[in-house]
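Here's the structure we're looking at; comments come further down.
The values are calculated or read from the model by the stated rules, or taken from the named source; none is laboratory data. Model, not experiment: these values are computed from the prediction. Here the Cβ is made from the backbone with ideal geometry for all residues, glycine too, and neighbour counts use every protein chain on show.
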């Protein structure tokens, strides 16, 4: 069975998570379907992409499928990880990608939403970054996604506490573009998409790529990069990461040192 629903209508491509048995976890199989759909949308020159859940459940997506993470002594978020692949695909997609969010957004799904060009949400939304619950060292590109969108003090709060940021705070901090009533979420999102479809696709494509390049233009020295990599390696070779993943899979609270 497919893990997403996918359609292109009126030059708007819609990709909807459809694996609520696993709370729309971003498994390798679901992500492979997403990437295939994004490539199809690109090939058919749709002018907007909407990323959403297929139904209005309490969780938009539970994030990275924890059962697919390595147990220990291996980078849990390497460059070729499926989640990293879909994030790059969204960033490089020529058309705007809009996240339409009903419900809570967890872990890697929060990073997924952050990499979309816009987030339209209703009052049920909440955003939580959870590596501190798993003892997981988040990667540089992921941290950069948050720093580009949310004030540094709020990013620190999200990463330090792993507590959800509710809808009102998300709007206040600029995490979401618009916050609307539940019954207006779909109509508002698709109305924005239809407006974009009336504009110049060439102009929008050029702007999106220029913005991506400019935001990624800050260079790290080799020494700084090696320092960051060593910080991450110390964590995923450490006790906390192994304990965090095991505790999650065993459905208990982790006991960190």
- prompt: So how many residues does region 156-179 have that are under 18 Å from residue 133 (Cα atoms) and either outside any helix (DSSP H, G or I) or in contact (Cβ under 8 Å) with a residue 12 or more places away in the chain (or both)?
  reply: 8
- prompt: Here are some residues: 113, 132. Which one is at pLDDT 95 or above, part of a helix (DSSP H, G or I) and crowded, with 21+ Cβ neighbours inside 10 Å?
  reply: 113
message: Among the listed residues 84, 44, 33, 68, identify the single one that is in contact with a strand residue (DSSP E or B) (Cβ under 8 Å, 6 or more places away or on another chain), surrounded by fewer than 19 Cβ atoms within 10 Å (Cβ to Cβ) and at pLDDT 95 or above.
response: 44
task: Test residue 248 against the stated conditions and say whether it is touching a helix residue (DSSP H, G or I) at 6+ places or on another chain (Cβ under 6 Å), in a helix (DSSP H, G or I) and either modelled with pLDDT under 95 or surrounded by fewer than 15 Cβ atoms within 10 Å (Cβ to Cβ) (or both).
output: yes
- request: Please go through region 212-230 and pick out each residue that is within 25 Å of the chain's Cα centre (by Cα), surrounded by 11 or more Cβ atoms within 10 Å (Cβ to Cβ) and in a helix (DSSP H, G or I).
  value: 212, 215, 225, 228, 229
message: Is it the case, given these coordinates, that residue 177 is surrounded by 12 or more Cβ atoms within 10 Å (Cβ to Cβ), out of contact with any helix residue (DSSP H, G or I) (no Cβ under 6 Å at 6 or more places or on another chain) and farther than 22 Å from residue 51 by Cα?
response: no
